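See structure below.
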Amino acid sequence: MKKLVLIFKTIAVVMFTTVAMLTISCNKTEQQSSAPGDILYIQGSEVPEDMSLDSLGMSFLADYLPQCLNSVAGHDERDTIWGKFTGRGIDTLHVESREVKTDDTTSNVEYYAVSSRKTIPEVKLHAAAHRKPKLVFEGDLDGNGIDEWGYLNTGVSSQWRTYRVFTWYKKQWRYLVKSDRLETAEWFRCSGNEIVEKGGKKGYVKINYGIGNIDDGKILDTVVKATFTKIKD
C-alpha cells in the first residue's frame, strides 16, 4: 500500500511540474515570439483593431509601439521648431493635424508642417493617422546661411522609415538631398546617431546610415553634394 501511495505522489509531482513548465513556455512564446518592430503583442496585450482616438486616447499607442519604430534616438524631435529657414529672420514651424472625413480610422487624420509666416507654403507630412510626426531642427547643414529641418515619416507596420530633410531654395521648399541612404531600419534609429550632419564644406551634407541587420549591422557615413530636389512625393 505504501508503495502504491508513493507511486501516485510521484505521478502527481511529475504532472504538476510538466503543466507549470508548459505554462511558462507559453507565456514566454506570447511575448517573445514576435520579431523586432512587430506590434502584435507587447507585454501580452493585443493591439486593438479600432485605432480611433476615442479608443486609443492621445497616447498614439505609445504603450504598444517599440521605442524607435517612429522615432530617432539621436534626434531632438519637437512639435514646434524655429530657425532661419528662409534667410529673412527667425520663423517657426509646427505640426498641424487635420481631420479627414472618412469611415477609415487608419486614414482620418493628416499632418502638415506649417510656418508662422503666411507667405511660406505648408508641407504635407507622410504619416499614418494617429501617429503624429515630429520636426527636427537641423541647422545650416550645407553652409549657405539657411537652416534646414527634417522629419521621419510614421507608420503602423514595417520597421523601415524615410528621413526627409527640407531647405528653402528659389522661394519654395525642396529636399536638401535625395538619397537611398535616408531609408532607415529601426535598429539604426535606436543607435543614437543623427541621420544627417554638416558636410564640412559649403554645398555638402554628411549622411550616417546602417547596413545589415540588428545582429551584424554596421554604421557608415558618406558626404554628398546637396541636390535641392523638387518635392514630388
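For the reader, a short list of remarks on this structure follows.
- One residue alone among Leu135, Leu125 is without any contact (Cβ under 8 Å) to a residue 40 or more places away in the chain, under 12 Å from Phe166 (Cα atoms) and out of contact with any Cys (no Cβ under 8 Å at 6 or more places or on another chain), and that residue is Leu125.
- Positions within region 61-85 being modelled with pLDDT of 95 or more and hydroxyl-bearing (Ser, Thr, Tyr), in sequence order: Ser71, Thr80
- Of residues in region 188-233 being closer than 17 Å to Val165 by Cα, crowded, with 17+ Cβ neighbours inside 10 Å and among the small types (Gly, Ala, Ser), the one modelled with the lowest pLDDT: Gly199
- Within the option set Trp149, Trp160, Trp168, being under 24 Å from Ala185 (Cα atoms), in the same structural domain as Ile195 (by TED's automatic domain parsing) and in contact (Cβ under 8 Å) with a residue 60 or more places away in the chain holds for one residue only, Trp149.
- Considering residues of region 201-233 that are assigned to a loop (DSSP other than H, G, I, E, B) and touching a Lys or Arg at 6+ places or on another chain (Cβ under 7 Å) only, the residue farthest from Glu148 (Cα to Cα): Gly212
- Enumeration of residues in region 165-187 that are within 18 Å of Arg78 (Cβ to Cβ) and surrounded by 22 or more Cβ atoms within 10 Å (Cβ to Cβ): Val165
- Any pair with Cβ under 7 angstrom, 6 or more apart, that starts in region 211-229 at a residue that is within 10 Å of Trp187 (Cβ to Cβ) and ends at one that is in a strand (DSSP E or B) and charged (D, E, K, R): Gly212/Lys218
- When residues of region 70-92 are limited to those that are surrounded by 13 or more Cβ atoms within 10 Å (Cβ to Cβ) and in contact with a Phe, Trp or Tyr (Cβ under 6 Å, 6 or more places away or on another chain), the one farthest from Tyr169 (Cα to Cα): Ile81
- Among the candidates Lys230, Lys134, the residue that is over 17 Å from Val72 (Cβ atoms) and not hydroxyl-bearing (Ser, Thr, Tyr) is uniquely Lys230.
- Scanning region 140-149 for any residue that is within 21 Å of Ser71 (Cβ to Cβ), surrounded by 19 or more Cβ atoms within 10 Å (Cβ to Cβ) and not aliphatic (A, V, I, L, M) turns up at least one such residue.
The values are calculated or read from the model by the stated rules, or taken from the named source; none is laboratory data. Just so it is clear, the model here is predicted, and its values are computed rather than measured. Ideal geometry is used to build each Cβ from the backbone, glycine not excepted, and the neighbour counts take in all protein chains shown.
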